[in-house]
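The values are calculated or read from the model by the stated rules, or taken from the named source; none is laboratory data. Remember, it's a predicted structure, so these values are computed and weren't measured experimentally. Positions of Cβ are backbone-derived with ideal geometry, glycine not excepted, and every protein chain shown enters the neighbour counts.
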Amino acid sequence: MNNKVMPSTRACTECHAAKVKCIKIQGSDVCKRCHRLGLKCVEHVSRQGQGTRRRKKVKTKVVKDENNIAGETLTITSNTKTAPCSFLRGGHKICKEVPDPIVPIACMSANICNGNSNSNSNNVRNNNGSIRENCAEDTLCEGMDLLQVEDNIICASISNGLGRDHFGVICLIRQWVALAFSRRSFCLLARASFIAGKMKIPMDDILSNQSPFAGATSSEPMDFLASSILLPKGQLKTFGGPLYLQEVPWDVLESVQIDPNRLDESVHNRVITIRWAIQGITSFWTSPLFARDFATTAEIGRTWEENREDQEVVDLFLPKSEKGAFAQHVFNLMFVNKKPNMPCYVTKNLYKVQKRNGRETIQANLIQTIKLLNLDSSIHYIEIQYLDQHFPENRSTTTNKRDHADEDLDNLEPIMCDGIEFTDIPITDDMEEFLKLISGDEL
């Protein structure tokens, strides 16, 4: 075959979407770029002079049921129509003399519990306007109805195969799949499938651990899903109990100026919560001041397990007006992890926070970092630094028992750690396109 190239009079749809020159191979209907990237090369038909085409959106019916998990986690909120996230450890340095387990201690027996969960029937409107009942029992229709991105709209970075070569994206999709089965959420499973399909990520890369990063991490095939699929929801557990600070890898602690050899002294008067998500199971840790001012580990665990639409974990410390910005910052931290073993990027952003028993919001800096340990395990660190150290409201806690007993806790003032090295994450075109895709907006 003659490989001499010559320009084509019409660009293909892929080159047109990417806004690059389309060069056809002589004697072939496939252009050079599509042949190299393995894309489907179809000639683009111009609509110039034909007027504006109306884009038809899928009509949806908002259903309040257990499938709405948009705010079940510290990292996902409903304001951006996103769905939740998770992460594993192995070979990381552990504080003191605690052994290095494969998973946090709280997650070792976290597959089965005795709790019961409420289940509501799902009603979704068909194309003809009629209501179809028990939709969740037959298809992924509810999750697909929520997605507004048209099939023929694909951004340049995604069409170039961004997803398969991006460690953070693979992690996010695997975590959503794990949570979808443990939460029994067709909505989340549909979102994970939709994004994987758009970004040309094969199912084997997700379920069978055939991604390019399989050899660089301690990840395994997702055979842990077997127990989630076979057990009834009432016997599943998604909360793994309290996390132990000694289990957190040293590089995470040192990035936020916590001395691994002096843990209690380093966190005693700082407002911190840490979430460790692994294979669909989540554990939390809170510092004494976070338990005093916002929520204890037990309260966070109850909120997570109840999985209520009107109260999410993030609602325990942020007003609803801040949840959209919070989700965007979290996904930015996920996106910068383009390959395994990236350093801990620490960010600081100004937020309004709402304390326990507080009627008004106050301004504070939210310090965050996310460590992707492998494809199924991650740590999300959140610290709240008050701008004003003195508050007129009553500091007494509720009748709930504190996780941390301290006689002087009510009089303890938070400290500011000024030596943390923060990173300003630039918002790239790839990042904006990914956020649009993940939220279901048109690109």
Among helices (runs of 4 or more DSSP H) entirely within region 253-364, at least 1 residues that are at pLDDT below 95, farther than 24 Å from Leu437 by Cα and assigned by TED's automatic domain parsing to the domain that holds Gln175 occur in 263-267, 288-293, 297-306
Tell me whether region 380-388 contains one or more residues that are in a loop (DSSP other than H, G, I, E, B), at pLDDT 80 or above and either in the same structural domain as Ala196 (by TED's automatic domain parsing) or out of contact with any Phe, Trp or Tyr (no Cβ under 9 Å at 6 or more places or on another chain) (or both). yes
Quick check on Pro319: is it in contact (Cβ under 8 Å) with a residue 60 or more places away in the chain and not aromatic (Phe, Trp, Tyr)? no
Keeping to region 237-247, report how many residues are more than 21 Å from the chain's Cα centre (by Cα) and not in a loop (DSSP other than H, G, I, E, B). 3
Residue match in region 215-226 (condition: outside any loop (DSSP other than H, G, I, E, B) and modelled with pLDDT of 80 or more): yes
So which residues in region 267-298 are within 21 Å of the chain's Cα centre (by Cα) and among the charged types (D, E, K, R)? Arg275
Output the number of the condition that Asp403 fails; it satisfies all remaining conditions of (1) touching a Ser or Thr at 6+ places or on another chain (Cβ under 6 Å); (2) modelled with pLDDT under 90; (3) not in a loop (DSSP other than H, G, I, E, B). (3)
What do you reckon, is Ile281 touching a Gly at 6+ places or on another chain (Cβ under 8 Å) and surrounded by 24 or more Cβ atoms within 10 Å (Cβ to Cβ)? yes
Per the filter on region 193-225, residues of a type in the set (A, V, I, L, M), over 23 Å from Leu37 (Cα atoms) and crowded, with 18+ Cβ neighbours inside 10 Å are Met222
